[in-house]
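The values are calculated or read from the model by the stated rules, or taken from the named source; none is laboratory data. This structure is a prediction, so every number in the text was calculated from the model and none was measured. Every residue, glycine as well, gets a Cβ built from its backbone with ideal geometry; the counts of neighbours run over all protein chains shown. For accessibility, only protein heavy atoms count, side chains too; no ligands or nucleic acids. Shrake-Rupley method; radii C 1.70, N 1.55, O 1.52, S 1.80 Å.
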Amino acid sequence: MIIVKKITDVQQFLAKRNAKQKSTGFVPTMGALHDGHISLIKAAKKETGVVVCSIFVNPTQFNDPKDFEKYPVTIESDIYLLEKAGCDVLFLPAVAEMYPQGLQTSLHFELGFIETILEGEFRPGHFQGVCQVVYRLLEIITPDKLFLGQKDFQQCMVIRKMAATFFPGLDIIICPTQRESSGLAMSSRNKRLSDADKITATAIFETMQYVKNNIQPGDLNLLQQKAVRQLTAKGFRVDYVTIADVFTLRLQESWDGEEQIVVLVAAFLNEVRLIDNLILN
Ligand code: AMP
């Protein structure tokens, strides 16, 4: 695996790829890698000739400066895991390389409804920051295929929307959420949980399964309220437990028994904010 920090260097390497007509798979990450990230690298490896991973903790997508400061950094272990998974290129840019004009940008992405709800509501500006960095990375890497995790369900929809406008030829592949055997979704933020909190955190998956097992056509409010109460009783501060349409993320107050729906959860355990989702039917 080659490790590059400069845009000109990564582009020089990728120009050789173009000459050899190899397709490129791209996995953008913020590092502190785990098996969830590595599953994306492996999927990219299967489907494309050159696999590029980026590690960049993007300041513009953190609405909470404390969350940014405390974001785990484990670069040596990241490099080891990427090497082992067969990643070809690690792009490791500095902030000044990514944003030479500074963090403010005049670029605004028209995301509409999708950025007004759930993560968009609780983390104002977050999805503009996500689009800003993914747009920039896609411009630099120019991949054929982009690999994203279903773990960040709303983020996948936002990136799809941005890419449809600016990168219409890009193939976006959504990979399933990787979980610990306890059911806890793998996440870089889990590194900030104590051992006791890791056990408590499994309540998110249990609650989503409770919703899946108990959902019935008709009003959904009671079920959503019960789910919130279950998490609150375990010590979570819940931002939302919401059942929504899989394709539009329109929030469902009632269900006709047919529409494809997903339950999405965001909750704090102590200072750590965890998100997860489960498709219900
Ligand atoms: P992050 O480093 O958190 O920005 O995540 C980088 C990519 O890895 C995103 O596309 C995430 O959705 C994906 N990802 C994070 N956690 C998981 C997981 N547990 N399973 C599968 N993909 C994941």
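Quick look at the numbers
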| item | result |
| --- | --- |
| Number of positions in segment 5-18 that are out of contact with any Phe, Trp or Tyr (no Cβ under 6 Å at 6 or more places or on another chain), among the β-branched types (Val, Ile, Thr) and touching a residue at least 12 places away in the same chain (Cβ under 8 Å) | 1 |
| Some residue of segment 186-196 being small (Gly, Ala, Ser), closer than 26 Å to Val27 by Cβ and not in a loop (DSSP other than H, G, I, E, B) | yes |
| Pairs where the first residue, in segment 237-249, is of a type in the set (Lys, Arg) and the second is in a strand (DSSP E or B), C-beta under 6 Å, 6+ apart | Arg237/Phe268 |
| In segment 220-253, the residues that are open to solvent by less than 80 Å² (accessible area, probe 1.4 Å), closer than 23 Å to Asp197 by Cβ and in a loop (DSSP other than H, G, I, E, B) | Gly235 |
| Phe127, sole failed condition from (1) away from the ligand (no atom under 12 Å from the Cβ); (2) within 16 Å of the chain's Cα centre (by Cα); (3) open to solvent by 30 Å² or more (accessible area, probe 1.4 Å); (4) not aliphatic (A, V, I, L, M) | (3) |
| In segment 18-65, the residues that are farther than 20 Å from Lys84 by Cβ, touching a strand residue (DSSP E or B) at 6+ places or on another chain (Cβ under 6 Å) and crowded, with 18+ Cβ neighbours inside 10 Å | Thr24 |
